[in-house]
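Report on the structure given below.
The values are calculated or read from the model by the stated rules, or taken from the named source; none is laboratory data. Nothing here was measured: the structure is a model prediction, and the numbers come from that model. Cβ placement follows ideal geometry from the backbone for every residue including glycine, while neighbour counts extend to all protein chains displayed.
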Amino acid sequence: MKILITGGAGYIGSILTPFLLDNEHDVTVLDNISYKQSSLLECCYRENFEFIKGDARDVSLLRKIVPQFDVIIPLAAVVGAPACDKDPLLATSINLDAVVAINTIRSKSQWVLYPTTNSGYGVGEENVFCTEETPLRPISLYGRTKVQAEQALLESENVITFRLATVLGLSPRMRLDLMVNDFTHRAIRDRFIVLFEENFMRNYIHIRDVARVFLFGIGNFERMKNRPYNVGLSSANLSKRQLCEKIKEHLPDFAIYSSSMGKDPDQRNYVVSNERIEQAGWRPKYSLDDGIKELIKGYKILNTWNFTNL
């Protein structure tokens, strides 16, 4: 199929793009290279790859290119609560307005596969799993913009939305400001961490499983369409303390300290059920342990902190 990915040179797109190319799809990436990354250079030799340097908010550009594609994957986003809070107008224009523009321009026969976030669940009830039917109560600008974009898409036809757990793993456009990536890096660099609000719960998913679920959605679109799907590791609904203990299994010298002082800038706290996507026939391939071991190897190569969204 002919696929357009906005923001395809970012953290997820830099893994998803070559994955879809390997599976014989034609992929065009629209990205403004705002982080000066060169993450898609390896794709340029492929006949089924094209790149457009441009802004996902450029409506005139979208009107020109969107009708050419069978599938649209709007990845372009300002990701994370701190990054969105730093520039709320930018976050709203990319996370919400650009997605609404694509949805307005596209033919309803064109498919949209949209990555949103399970941070839309906000603060869940203790020991109660959030399903796709759980009311969405986002508590950050990031969560609100993603939830509003998802709602606009689901009111249309031919849409699948993936409510992604916190993503982990290596990418050519690396991010160290994601929790597993960050905590593993601290375990290697500092060999200690001071945790506050250590009982806050999150769910996790490997970046290569994110790519796999998009391919699964394309291959099973007709029976999955017009519904949201939580995408995470059912074995990895963990508190921050439990995550650190898991990292410590691989890095025994990692010292974990607790503090009653401090406040997480992202107050999300929930456990998530991934039963719907599993019942559809998809399962993660990569475990949390796989991701941590991968990161430990990768951090022998990366020696800089310049891989964040801030």
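Observations
- Within the range 132-184, tally of residues that are part of a helix (DSSP H, G or I) and in contact with a His (Cβ under 7 Å, 6 or more places away or on another chain): 0
- Residue tally, condition in a helix (DSSP H, G or I) and either surrounded by fewer than 14 Cβ atoms within 10 Å (Cβ to Cβ) or hydroxyl-bearing (Ser, Thr, Tyr) (or both), over the range 101-131: 3
- Val27 fulfils the conditions (1) assigned to a strand (DSSP E or B); (2) closer than 23 Å to Asp209 by Cβ; (3) touching a Gly at 6+ places or on another chain (Cβ under 6 Å); (4) not acidic (Asp, Glu) except for a single criterion, (3).
- Failed item, numbered, when Arg191 is tested on (1) at pLDDT below 95; (2) over 18 Å from Pro82 (Cβ atoms): (1)
- Residues in the range 123-138 that are touching a residue at least 40 places away in the same chain (Cβ under 8 Å) and touching a helix residue (DSSP H, G or I) at 6+ places or on another chain (Cβ under 8 Å): Cys130, Thr131, Glu132.
- Checking the range 44-66 against the condition returns no match, with no residue being under 16 Å from Ser171 (Cβ atoms), aliphatic (A, V, I, L, M) and assigned to a helix (DSSP H, G or I).
- Highlighted here are the strands (runs of 3 or more DSSP E) found entirely within the range 189-263 that include at least 2 residues which are of a type outside the set (A, V, I, L, M, F, W, C): 201-206, 227-231, 237-239, 255-259.
- Restricting attention to the range 239-285, the residues that are over 16 Å from Tyr121 (Cα atoms), under 22 Å from the mean Cα position of the chain (by Cα) and among the aromatic types (Phe, Trp, Tyr) add up to 1.
- Single residue of the range 265-286 satisfying the filter (under 14 Å from Arg202 (Cα atoms) and surrounded by 15 or more Cβ atoms within 10 Å (Cβ to Cβ)) that is modelled with the lowest pLDDT: Asp266
- Residue tally, condition part of a helix (DSSP H, G or I) and under 19 Å from Ile5 (Cβ atoms), over the range 67-92: 2
- Only listed residue being modelled with pLDDT of 95 or more and basic (Lys, Arg), chosen from Lys146, Lys108: Lys146
- Screening Ile94, Ile72, Ile139 for residues that are in contact with a Lys or Arg (Cβ under 9 Å, 6 or more places away or on another chain) and either modelled with pLDDT under 95 or surrounded by fewer than 19 Cβ atoms within 10 Å (Cβ to Cβ) (or both) leaves exactly one candidate, Ile139.
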